[in-house]
Every structure is written in structure tokens, then in C-alpha cells.
1. Non-local amide H neighbours of Gly91 (under 5 Å, H modeled in plane, Pro and chain starts lacking H): which ones?
2. Given q = 0.23, 0.24, 0.25 Å⁻¹, what are the Debye log10 I(q)/I(0) values for the stretch 77-128, with equal point scatterers placed on the Cα positions and solvent ignored?
3. Order Thr94, Thr86, Thr68, most accessible first, counting only protein heavy atoms with a 1.4 angstrom probe.
4. First compute the accessible area of the stretch 49-120 with a 1.4 Å probe, then give the percent of it belonging to carbon and sulfur atoms.
5. Give a residue-ordered list of calculated ³J(HN,Hα) values for the stretch 121-126 (Karplus: 6.51 cos²θ - 1.76 cosθ + 1.60, θ = phi - 60°; whole Hz; x for Gly, Pro).
6. At q = 0.13, 0.22, 0.23 Å⁻¹, what is the log10 ratio I(q)/I(0) for the stretch 33-128, with the Debye formula run over Cα points and no solvent?
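The values are calculated or read from the model by the stated rules, or taken from the named source; none is laboratory data. Small disclaimer: the values here were computed from a predicted structure and weren't measured. For accessibility, only protein heavy atoms count, side chains too; no ligands or nucleic acids. Shrake-Rupley method; radii C 1.70, N 1.55, O 1.52, S 1.80 Å.
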Amino acid sequence: MKKIFYLPLSLLLAVFLLFSMIGCNTNKEEPFKADVKITVVNANNEPIVDTFVSAMNVNNTDLPIGYTTDSNGQFTLKNLTERELTFVIHGEETSYNTKYTITKADLEQGSIIVQFSNITETTIDPLE
């Protein structure tokens, strides 16, 4: 009588363990990553060229990472994921900042435009 009881219990335990292992092996979906070309523009949508820009929260840290825009007002962020970024330009007399939320559509497109609506110049004299 005991053997008859152990067989269904063993089968039930085996099925439970099988489903448990399947559940444990499901990997979380990796966040979508992409290299994104950032174009920095002023209030008039003109590129801000040859200017040092700090980006914060690039790698889930508050540490700023510095970039210099090229002659087209662009630089590239590597392996970027969806997140909110803060961009800062430190000028000679004042600092300017703006926030931008990177979406999956931005990552798929591979480029975004970040506008500093409080800047009218196309070059900013850096802090010395």
C-alpha cells in the first residue's frame, strides 16, 4: 500500500521540480542597448559646436561624464539604455542644464536632439 502512495507523490514532486526549474531558468530580458548620436542645439535649433557637455546618469550613476561636441554639435554615447539623462554645459559666467528621457524608440533610431532652450549662442566659452 505504501508503494502505491509513493509513486503518485514522486511523480507530483518530479513535475513540481520540473516547472520550478523552468521558472528559474527564464532569463530577465536584457535592457536594449545602443550607441546614440547626441546633437546639442540652442533655443534656435542651431548646433552648439566645440563645447564641453557633461552627461549625468549615463551608467546609472550620478557621476558626470564629459564630452566635447564636434563641428556639428554632436557626440556619441555608447551602450546607452532607456533612462533619464541630465546634460550640463558649464559656461564662463553660468551653467546651463537640461533633461532628456531616452526611450526605446530613441535607441532604435540611434540619434536624439537635446535642446538647451536657455542658450542662444552656438558656442559657449568654457569655465576656466
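1. Here Tyr96 satisfy the definition.
2. -0.90, -0.93, -0.97
3. Descending accessible area places them as Thr68, Thr94, Thr86.
4. Reported share for carbon and sulfur atoms: 43 percent.
5. Per residue, the Karplus-derived 3J(HN,Hα) values read 6, 9, 9, 10, 5, x Hz.
6. Ignoring solvent entirely, the Cα scatterers give -0.39, -1.12, -1.22.
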